[in-house]
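Here's the structure we're looking at; comments come further down.
The values are calculated or read from the model by the stated rules, or taken from the named source; none is laboratory data. Keep in mind that this is a model prediction, so the values were computed, not measured. Here the Cβ is made from the backbone with ideal geometry for all residues, glycine too, and neighbour counts use every protein chain on show.
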Amino acid sequence: MSEAQTAFARLFDAYADRYLKQMRGRGYAASTTQRASIILRDLRAFLLSEALPRPENLGDVTAQHVAAFRDHEIARPKKTGQPGALSAASIGHVIAALRGFFGYLAAEGVLLIDPARELEQPRRPQRLPRAVPSELQMRRLLSAPGQGTAIDLRDRAILELLYSTGLRNGELCALDRADLDLAGRVVHVRRGKGGKERRAPVGKRATRALARYLEAAWPELRRKRYGDTHEAEVPLFLSRLGTRLQEQMLRWLLRRRREQARVATPITPHSLRHACATHLLAGGADVRQIQVLLGHASLTSTEIYTRVETGDLKRMLDRYHPRSRKKTERK
């Protein structure tokens, strides 16, 4: 690289590091920060390429540069090597990273004009996962972990908490002991989506499972890594080695417990989140209350649970409409 390119690359890296550090400080999920880091790395390489007039400093980056990079990312072959356009979600991640980074530079006074301000997020279809665990499947899943080992008690507490509160996987793994108020039956989510905080109520059975875990399993797991560390500063959910439970580990244990319970429906933190909302709504809960519980910024995100399949409507019609009921039911 030329001296000008080297200087630009160093300046870009310095501000990218500061921006990513700010994201971590605001409580963004590790996966979100990592994704933004990869996109910014690709952006730097693109701006230094021969494909377009190279900017000599950050102030030279224009809306045309940003739009060209967006189009470049959309046209890039998938990692799997399969043809086809990127999903709306993947495109949205690219645009979110661009808007976040250049918005940060404008706020810091590095740029007079934000070149990404006109980028618009693609419309993403609001849909439920293909399969939401039924209430019967949830009962089988929740009873899968026994009471014999510390890991059994931990897994039961995790399953009950996910189903009770609809926490995201990153939110659950980020919980510390101080975030759980057993007496008040509340969990403080400090690292919600977008860095937002909220307090979520915990159901009675989940509270009992958590109390049992904290009494009979957590101290044993804690001693392996944290020793005399102040209790409040220790993660709530710990691995076999006493380290903080990671998102990948959480997904693995859910697969293991699903197989143990012989539940055919795939079980992920996200499907448990959907099960929580769907079953609450079926039980008569108000959709706005569910919105607050799940931490949705918009009611639109929550309203997908109000959609029912045509088959459900047909069964309802056959059962309740006076012109559809069986003759024996009309009497």
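Can you find a residue in the stretch 23-31 that is under 18 Å from TYR104 (Cα atoms), in a helix (DSSP H, G or I) and without any contact (Cβ under 8 Å) to a residue 12 or more places away in the chain?
Yes: the stretch 23-31 contains one or more residues that are under 18 Å from TYR104 (Cα atoms), in a helix (DSSP H, G or I) and without any contact (Cβ under 8 Å) to a residue 12 or more places away in the chain.
Please state which of the following conditions ASP228 fails to meet, knowing it meets all the rest: (1) surrounded by fewer than 19 Cβ atoms within 10 Å (Cβ to Cβ); (2) in contact with a helix residue (DSSP H, G or I) (Cβ under 8 Å, 6 or more places away or on another chain); (3) modelled with pLDDT under 90.
Result: ASP228 fails condition (2) only.
If I ask for residues that are closer than 18 Å to THR268 by Cα and either free of Cβ contacts under 8 Å to residues at least 12 places away in the same chain or touching a strand residue (DSSP E or B) at 6+ places or on another chain (Cβ under 7 Å) (or both), which ones from the stretch 135-151 would you list?
LEU136, ARG139
So in the stretch 249-277, with the set limited to residues that are assigned to a helix (DSSP H, G or I) and among the charged types (D, E, K, R), which one is nearest to ALA131 (Cα to Cα)?
Looking at residues that are assigned to a helix (DSSP H, G or I) and among the charged types (D, E, K, R), I get ARG273.
Kindly indicate whether LEU280 is touching a Phe, Trp or Tyr at 6+ places or on another chain (Cβ under 9 Å), farther than 18 Å from ASN169 by Cβ and assigned to a helix (DSSP H, G or I).
Considered against the rule, which asks whether it is touching a Phe, Trp or Tyr at 6+ places or on another chain (Cβ under 9 Å), farther than 18 Å from ASN169 by Cβ and assigned to a helix (DSSP H, G or I), LEU280 comes out as yes.
Looking at the stretch 228-251, I want the residues that are touching a residue at least 12 places away in the same chain (Cβ under 8 Å) and have a partner that is β-branched (Val, Ile, Thr) with Cβ atoms under 7 Å, at least 6 apart or on another chain. Which pairs are those?
Matching pairs, first to second residue: PHE237/ILE158; ARG240/ILE151; ARG251/THR268.
Cβ contacts < 8 Å: first residue more than 16 Å from ARG244 (Cβ to Cβ), restricted to the stretch 163-182; second residue assigned to a loop (DSSP other than H, G, I, E, B) and of a type in the set (Val, Ile, Thr), any location; separation 6+ or different chain. Result?
That search, which allows pairs on different chains as well, returns SER164/VAL202; THR165/VAL202.
Acidic (Asp, Glu) and over 25 Å from the mean Cα position of the chain (by Cα): does that describe GLU233?
So GLU233 fails the test.
Checking ALA209 against (1) more than 22 Å from ARG168 (Cβ to Cβ); (2) part of a helix (DSSP H, G or I); (3) not charged (D, E, K, R), only one condition comes out false. Which one?
(1)
In this structure, is LEU136 within 23 Å of VAL292 (Cβ to Cβ), at pLDDT 90 or above and not basic (Lys, Arg)?
Taking the combined requirement at face value, the residue does not satisfy it.
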